[in-house]
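A short write-up of the structure that comes next.
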């Protein structure tokens, strides 16, 4: 199979997001990153979720505590802005997990770790949004919400093809940072009531963020700010229960409901297998790259490979 490569200087930033936790968001991010790297792409994965599940998909908890917890996480980058009003070099926080990269010959997976205390950063960032005048409010808004966008702009040109951001399951300031920095966003969702309930709301909130942000950009004469337009790549249905080669009827009902919202749908779906996916972080290698045998493993890996191909086709069209 031949895969199309994006241009080296055309870094695409994609947020993976859903208001509902437990829908496979981190699993999708980790496996996309690994498979894209295996195909020759250079990937930066950023963990913005305080649960740090993406971080622990690539490095052990012990390694994180020993090497990264105190000074090499995305929290340290935000802390520099909050405490000292300074711009810490984002590239100084990038690590290269050894295990997942061991069998990747052409591409690479780099990582910016999360921190369990990242949950407190949002409240601290909120204090930076106020101002004594409308001009100060506008400038503070743009400065706070564009933190990650500005940080990514300092990375060496051509170093990464894709930046994949694992977002927290909410729409707080850190999540908005991710979306402002992104070209597009992907919405993993389990086809059930709670997981699909907020999809339309999420799309509406993103539209409101874009409208507000671009309005402030229009009002300022500072050329450092530019308008944003993150596009929804689609809803990716995860944790599918397979019966007779297709999703069970209860899940099909919610899939059809989402299709009725006139929202783009990713054609590939990912089946549920708690055992296989739960064991993957222990090895530091996502399921799609594990050397395993057995029909179930092969079917799951085939789905993840198919998802990656579809992801590339979609992002190359955007």
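In segment 12-312, Cα pairs under 8 Å separated by at least six residues give a relative contact order of 27 percent.
Stretch residue 290-residue 103 to full length: gain in nm at 0.36 nm per residue minus the Cα-Cα span?
Gain in length upon complete extension: 66.3 nm.
The Rg/Rh ratio of segment 1-103, with both radii computed over alpha carbons and Rh defined as the Kirkwood radius, is 0.98. Across all Cα pairs in segment 119-200, the calculated P(r) in 5 Å bins from zero up to the longest distance comes to 3, 12, 19, 20, 17, 14, 10, 5, 2, 0 percent per bin.
Maximal additional length on extending the residue 208-residue 96 stretch stands at 36.7 nm, based on 0.36 nm per residue less the C-alpha distance. Taking only the alpha-carbon positions of segment 172-299 and ignoring solvent, what does the Debye formula give for the base-10 log of I(q)/I(0) at q = 0.16 Å⁻¹? The computed values of log10 I(q)/I(0) come out as -0.93. Result for the chain in a Gaussian network model with C-alpha springs under 10 Å: among 286, 188, 264, the largest mean-square fluctuation is at 264.
A full extension of the chain between residue 221 and residue 84 corresponds to an added length of 46.7 nm, given 0.36 nm per residue minus the alpha carbon distance.
Between segment 154-170 and segment 25-91, the C-alpha centres lie 10 angstrom from each other. Under the simplified labelling scheme, the residue 12-residue 275 pair shows an inter-label distance of 3.6 nm, with each label point 7 Å from Cα along Cα→Cβ.
Name the shape class, rounded, prolate or oblate, that the alpha-carbon gyration tensor gives for segment 12-312, where a ≥ b ≥ c are the square roots of its eigenvalues, rounded holds for a/c under 1.5, and otherwise prolate holds if a/b is larger than b/c and oblate otherwise. Display every interim value, and only then the final one.
Working: a/c = 1.97, a/b = 1.33, b/c = 1.48.
In terms of gyration-tensor shape, oblate.
All of the numbers you see were taken from the coordinates with simple rules; none came from a lab. Because the structure is a prediction, the values reported are computed rather than measured. Ideal geometry is used to build each Cβ from the backbone, glycine not excepted, and the neighbour counts take in all protein chains shown.
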